[in-house]
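The values are calculated or read from the model by the stated rules, or taken from the named source; none is laboratory data. These numbers were taken from a predicted model, which means no experiment stands behind them. For neighbour counting, all protein chains shown are included, and Cβ atoms are generated from backbone atoms with ideal geometry for every residue, glycine included. Heavy atoms of the whole protein, side chains included, go into the accessibility calculation; ligands, DNA and RNA do not. Shrake-Rupley method; radii C 1.70, N 1.55, O 1.52, S 1.80 Å.
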Amino acid sequence: MSASTTTSVALSAKALLLDMDGTIVNSDAVVERCWRAWALSHGLDPHETLKVVHGRQGYASMAVLLPDRPMEVNLAENAVMLARETADTDGVVPVPGAPAFMAALAELPHALVTSADLPLATARMGAAALPMPAVRITAESVQSSKPHPEGFLKGAAALGVDPADCIVFEDSAAGIAAGLAAGMRVIGVGPRAAAHAPTLHVPDLTTLRVAATPDGSIAVTVETPAA
């Protein structure tokens, strides 16, 4: 039997911008419970609903799914949804490789850029036993939801880094589109990401290595099985 081999792809950045749900935290169980119930209460197909909701703020997902409904109704229901999701952490776990990845980032420039509000982000990061980045862009920080690039641009600005020098880690179509629109490279994480043309794709975070370089940059190495 021949030994397995791997190939490596190396990228360099000044800062890393991390989505939360689906990227470092697996919260799919909660998302599916809450949004299936919401979809059924509005006569929508839960399966089709779940194709829309990942990556966006809740009010923005509702606007896509119920385009004729007043935005103030979406905002009110989004507040209820956020409270429900914050209270429900059953099944919230780290994405494989996330604990080591976050530990390696501890002294490196990075920010959380999530469509969750701060209470929800705090609850899910805590449930997954992951450290909350000191710099975070949450729902309260932006006027526009992903796929708009505002969140990632604000993350880069908060770190004092040019967008072109950032690498985004994302799992969803909306998030990948937002990162690319911000002029950043995007590493897609997990099964949802593969179909949305990220710069690179990884099944989870176990194949990633990050380290500081002598010039102050961050070296990101992705190891993949050789073809």
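So which of Ala157, Ala129, Ala177 ends up being without any contact (Cβ under 8 Å) to a residue 40 or more places away in the chain, in contact with a Pro (Cβ under 9 Å, 6 or more places away or on another chain) and open to solvent by less than 60 Å² (accessible area, probe 1.4 Å)?
After applying the criteria, what remains is Ala177.
Checking the condition more than 15 Å from Leu18 (Cβ to Cβ), open to solvent by 30 Å² or more (accessible area, probe 1.4 Å) and among the aliphatic types (A, V, I, L, M), which residue from Val80, Val92 passes?
Val80
Exactly one condition in (1) assigned to a helix (DSSP H, G or I); (2) within 21 Å of Gly175 (Cβ to Cβ); (3) not basic (Lys, Arg) is not met by Gly55; state its number.
(1) is the only condition that Gly55 fails.
Applying the selection to segment 180-205, what residues are of a type outside the set (A, V, I, L, M) and within 22 Å of Leu153 (Cα to Cα)?
Within segment 180-205, Gly183, Arg185, Gly188, His196, Pro198, Thr199, His201 qualify.
Condition test on Ala98, is it in contact with an Asp or Glu (Cβ under 9 Å, 6 or more places away or on another chain), surrounded by 15 or more Cβ atoms within 10 Å (Cβ to Cβ) and at pLDDT 95 or above?
yes
Yes or no: Glu107 among the charged types (D, E, K, R) and in contact with a Leu (Cβ under 9 Å, 6 or more places away or on another chain)?
Here the answer is no, as Glu107 does not meet what is asked.
Taking Ile187 as the residue in question, decide whether it is in contact with a strand residue (DSSP E or B) (Cβ under 8 Å, 6 or more places away or on another chain), in a helix (DSSP H, G or I) and β-branched (Val, Ile, Thr).
Judged against the criteria, Ile187 is not a match.
Could you check, for segment 19-26, whether at least one of its residues is over 27 Å from Thr199 (Cα atoms) and either touching a Pro at 6+ places or on another chain (Cβ under 7 Å) or assigned to a loop (DSSP other than H, G, I, E, B) (or both)?
Within segment 19-26, not a single residue is over 27 Å from Thr199 (Cα atoms) and either touching a Pro at 6+ places or on another chain (Cβ under 7 Å) or assigned to a loop (DSSP other than H, G, I, E, B) (or both).
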